[in-house]
2 protein chains.
Amino acid sequence: LKEYRLAFIGFGNVGKAVVRLFMEKEDELKQRYQISYKITGVATQSHGTAIDPNGLDPKALLDASDINQFSKITADSPIDFLNKVPADVLFENTPVNYETGLPAVDHLRAALLAGMHAITANKGPIVNAYSELSELAKQQGRKFFFESTVMDGAPIFSTFRAALPAANVKSFQGILNSTTNMILTRMEMGESFDQAVTHCQKIGIAETDPSGDVDGWDASVKVVALTTVLMGSPLKPSQVERKGIREISAADIEAARQQGKRWKLVCSAKRTPMGIQAVVRPELIGTDSPLYNVNGTSSIVQFETDVLGLLSIVEDNPGPHTTAYGLFADFLNSVVSS
Amino acid sequence: LKEYRLAFIGFGNVGKAVVRLFMEKEDELKQRYQISYKITGVATQSHGTAIDPNGLDPKALLDASDINQFSKITADSPIDFLNKVPADVLFENTPVNYETGLPAVDHLRAALLAGMHAITANKGPIVNAYSELSELAKQQGRKFFFESTVMDGAPIFSTFRAALPAANVKSFQGILNSTTNMILTRMEMGESFDQAVTHCQKIGIAETDPSGDVDGWDASVKVVALTTVLMGSPLKPSQVERKGIREISAADIEAARQQGKRWKLVCSAKRTPMGIQAVVRPELIGTDSPLYNVNGTSSIVQFETDVLGLLSIVEDNPGPHTTAYGLFADFLNSVVSS
């Protein structure tokens with residue numbers, strides 16, 4: 001039985017769901033992978049920080065509103081925490097900043113330098129520091145994995161990394177932003193744009209200011225994550241030709257319906273002689289497209305490669321538990337050889 | 001640069017496509033994986049057998065109608081060939097026998113015993129000897145991989161093996177037989193059943209006796225491959241509740257069309273308190289299903305697991321080159337760590 005020491009920075013819905021998944025899978029990890037775990041540190045923005053080299057109680061961490069009480073070692077900043085916590089892996093789940101990737105990039109760098117595998121669901125570091133962090137991970141003999149940054153826990157990066165060797169992506173298209181897809185689905189059900197946004201805010205998939213989703217920024221960042229990692233082209237989000245869904249009216253939705261079609265916010269990228277052409281924009285989709293049936297919070301990406309016909313991956317019913325699985329899978333894929 | 005020695009038993013369209021892929025990817029293998037290769041042996045049923053420890057000329061092998069002329073060592077049977085050929089990997093592509101898995105099982109066993117990785121696109125060995133061959137591979141420190149047995153080169157087994165650790169399949173449904181799907185698509189275009197079968201024979205995806213496809217046997221065998229490998233339940237094909245597409249008439253197709261639906265030969269399996277319930281049968285599929293848009297030779301499988309929402313993998317435009325990629329990927333996944 002090999003024991004792994006886990007550290008968390010950021011401990012909201014997703015971080016907590018990761019801990020619950022470790023608890024649920026505890027026996028399976030032992031029997032199938034000969035792996036046990038202990039949580040040696042958790043650092044949060046507003047609920048305190050705890051380090052205990054002997055392991056913190058997972059249940060207590062999930063229930064407590066202040067975790068300072070459990071700490072055996074004090075840390076006065078996230079970087080101080082990373083220097084002091086004895087851990088084999090960091091799960092980084094702080095709020096995303098697309099412009100700089102900070103503070104996530106600093107946390108991931110410090111974790112790798114301290115000899116940890118660095119795992120995140122945060123898109124900021126991919127967009128701002130993919131090359132640096134990948135190179136550092138390689139030098140350190142550790143992994144920098146980020147499966148949950150695109151399509152939650154659905155295996156996109158890991159499939160190309162571990163299942164599709166020597167496959168080169170020529171283009172892709174997909175629906176990668178759940179919030180706009182849900183808004184469009186609700187509008188098809190007769191809601192106004194504003195009602196649909198309110199619904200998304202109520203179920204926790206849209207921010208108070210929904211512009212990051214509605215104006216296509218989140219989708220653009222995901223396109224960039226895919227072009228960076230799978231096409232070797234680190235675009236900036238501003239290089240994605242971008243149009244959101246604000247201009248789609250109830251009348252547009254109804255006109256599409258009468259033609260048997262649907263509006264979808266389509267993400268795409270393709271290699272051209274002038275480089276990668278990346279686009280996020282609403283498109284009219286007919287029943288002959290695999291995108292037609294991808295509704296609500298579901299998502300899809302379809303890849304054109306040099307070795308297969310079109311290959312599509314579709315995920316239905318995502319949530320914090322599926323994002324958590326992506327992080328959990330990144331951990332196992334870091335420490336278990338297939 | 002590490003050189004791998006490749007052996008082939010069965011050298012039809014797929015075997016030849018594997019060699020072409022190695023030739024196309026020669027530079028990429030060197031640069032990206034530090035791998036080179038040579039073909040040390042090829043055994044065919046009616047075009048001779050050749051062994052050369054120094055490597056056979058790939059172009060000559062592809063062009064020759066009799067390959068005995070290239071041989072430095074004679075072998076008088078496939079097993080004798082496997083005992084004499086110096087190789088690191090066997091690509092097994094003899095015709096499938098679902099009842100016994102022979103002779104493929106014998107070839108794969110001999111290859112593993114001789115210290116080779118054993119790779120096949122042949123479903124017979126999965127249905128008849130999955131447990132034995134997997135166990136033997138483990139003992140020998142070699143791999144027994146078979147990605148191309150289901151959905152050609154689309155990554156199904158490798159995704160679960162290498163990208164979805166600790167994920168448990170609860171059920172799946174899909175369209176796994178290209179020939180029947182093409183027949184149904186052609187019937188929607190106005191052809192009779194017989195005309196559609198003739199078309200499939202003409203493009204090389206149906207046998208002279210099409211009953212293996214039309215009566216759902218091939219689909220049942222694929223269901224069994226998935227339940228055996230991904231659900232730990234080695235059913236026999238006869239345990240799959242099976243109904244083919246012979247009874248679907250032009251009138252049925254038209255009646256479905258008028259309801260906005262399509263007939264599809266649906267493969268499914270699910271865990272129940274009484275064990276795995278596996279079914280292959282025609283079903284009426286509406287536009288709300290991801291199966292609706294999977295037409296012609298395309299295929300889909302949708303998995304329900306304990307860790308994600310529904311996860312679907314869809315492959316369009318398969319052919320000998322995509323089956324070949326599955327075998328090629330199995331080779332790389334055997335020798336390269338991700």
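The values are calculated or read from the model by the stated rules, or taken from the named source; none is laboratory data. Please read all numbers here as calculations on a predicted model, not as lab measurements. Please note: Cβ atoms are built from the backbone with ideal geometry, for glycine as well, and neighbour counts cover all protein chains shown. Ligands, DNA and RNA are excluded from the accessible area calculation, which covers all protein heavy atoms including side chains. Shrake-Rupley method; radii C 1.70, N 1.55, O 1.52, S 1.80 Å.
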³J(HN,Hα) computed for each position of segment A:78-95 - Karplus, 6.51 cos²θ - 1.76 cosθ + 1.60, integer Hz, glycine/proline x: x, 5, 4, 4, 5, 6, 9, 6, x, 8, 9, 8, 10, 9, 9, 9, 7, x
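Per-residue mean of other chain beta-carbon atoms within 10 angstrom of the beta-carbon, peptide A:276-288?
On the way: counts 0, 0, 0, 0, 0, 0, 0, 0, 0, 0, 1, 4, 3.
Mean inter-chain Cβ contacts per residue within 10 Å come to 1.
Only loop residues by DSSP count here, and only those with at most 13 other Cβ atoms within 10 Å; note down the GluC sites (Glu not before Pro) in segment A:215-274 that meet that. Walk me through the numbers on the way to the answer.
Details: sites: A:241, A:247, A:254; in loops: A:247.
The qualifying sites are A:247.
Among the listed pairs B:72/B:123; A:143/A:270; A:38/A:143; B:123/B:236; A:143/B:25, give every one whose C-alpha distance is greater than 23 Å.
On the way: B:72/B:123 32 Å; A:143/A:270 28 Å; A:38/A:143 19 Å; B:123/B:236 12 Å; A:143/B:25 27 Å.
Result: B:72/B:123; A:143/A:270; A:143/B:25 exceed 23 Å.
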Among B:259, B:140, B:195: highest mean-square fluctuation, GNM of chain B, C-alpha pairs under 10 Å: B:259
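Counting only other chains, what is the mean number of Cβ atoms within 10 angstrom of the Cβ of each residue in peptide A:171-184?
Mean number of neighbouring Cβ atoms from other chains: 0.
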Segment B:122-255 - percent of accessible surface contributed by carbon and sulfur, probe 1.4 Å: 47
Alpha carbon centroid spacing (whole Å) that separates segment B:151-181 from segment A:211-274: 28
Segment B:35-155: relative contact order as a whole-number percent, Cα under 8 Å and 6+ apart: 18
Shielding by partners - mean other protein chain Cβ count within 10 Å, residues of A:316-326: 3
Max mean-square fluctuation residue, GNM over chain A, Cα-Cα springs under 10 Å, options A:260, A:141, A:309: A:309
Residues with amide H under 5 Å from that of residue B:71, placed H, sequence gap 5 or more: B:51
Teacher prompt: residue A:246 distances to equivalent labels in other copies, 7 Å Cα→Cβ, nm: 6.3
Kirkwood Rh, angstrom, segment B:62-148 [1 / mean 1/r, Cα pairs]: 13.5
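List the DSSP H helices in chain B whose Cα atoms stretch 20 Å or more along the helix axis and whose mean Kyte-Doolittle hydropathy is at least 0.0. Don't skip to the answer; put the middle values down first.
On the way: long enough: B:123-140 (22 Å, -0.57); B:320-335 (23 Å, 0.33).
For chain B, where a helix must reach 20 Å along its axis and average at least 0.0, the hits are B:320-335.
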Aspartates and glutamates whose Cα lies under 16 Å from that of residue A:30, excluding same-chain neighbours fewer than 8 positions away: A:3
Alpha-carbon gyration tensor eigenvalues x 5, square-rooted, for segment A:197-338, Å: 26, 21, 17
Length-normalised contact order of chain A in % [C-alpha pairs under 8 Å, at least 6 apart]: 18
Rounded if a/c under 1.5, otherwise prolate or oblate - segment A:1-54, Cα gyration tensor axes: oblate
Highest-fluctuation residue, A:282, A:273, A:237 considered, GNM on chain A with Cα pairs under 10 Å: A:273
Theoretical gain in end-to-end length, residue A:76 to residue A:99 [0.36 nm per residue, Cα-Cα removed]: 5.7 nm
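May I ask for the accessible area buried between chains A and B, both sides summed, probe 1.4 Å, to the nearest 100 Å²? Provide the component values of the computation, followed by the final result.
On the way: alone 15450 and 15430 Å², together 27280 Å².
Chain pair A/B: roughly 3600 Å² of buried accessible area.
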Debye intensity ratio in log₁₀ form over the Cα atoms of segment A:1-154, taken at each q of 0.08, 0.16 Å⁻¹: -0.21, -0.87
Nearest-to-axis residue of chain A, judged by beta-carbon position, where the axis maps A onto B, in Å: A:162, 2
DSSP bridge orientation in chain A - percent antiparallel, rounded to nearest 5: 60
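Only bridges whose two residues both fall in segment B:1-77 count here: according to DSSP, what percent of them are antiparallel, nearest 5?
On the way: 4 of 12 bridges.
Among the beta bridges of segment B:1-77, antiparallel pairing accounts for roughly 35 percent.
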Modelled FRET efficiency - R0 56 Å, residue A:36 with residue A:254, Cβ distances, 0.05 increments: 0.50
Along principal axes, Cα extents of segment B:163-252, largest first, whole Å: 46, 26, 26
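Can I get the semi-axes of segment A:117-206's equivalent ellipsoid? Compute them from the C-alpha gyration tensor as square roots of 5 times the eigenvalues, in angstrom, largest first.
Computed over segment A:117-206, the values are 34, 16, 10 Å.
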Percent antiparallel among DSSP beta bridges (both partners in the protein assembly as shown, rounded to 5): 60
Geometric extent, Cα atoms of the protein assembly as shown - Rg, Dmax (angstrom): 26.1, 80
Exam field: residue B:274 pseudo-label spacings to other copies (7 Å along Cα-Cβ), nanometres: 6.4
FRET E, pair residue A:1, residue A:66, Förster distance 35 Å, beta-carbon r, rounded to 0.05: 0.60
Pair residue A:23, residue A:247: separation of 7 Å Cα→Cβ label points (nm): 5.0
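Given the Cα-Cα distance of residue A:57 and residue A:209 and 0.36 nm per residue of separation, how much length would full extension add, in nm?
On the way: separation 152, 0.36 × 152 = 54.72 nm, distance 3.63 nm.
Length gained between residue A:57 and residue A:209: 51.1 nm.
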Distances in nm from residue B:63 to the matching label points in the other copies, shortest first (labels 7 Å along Cα to Cβ): 7.8
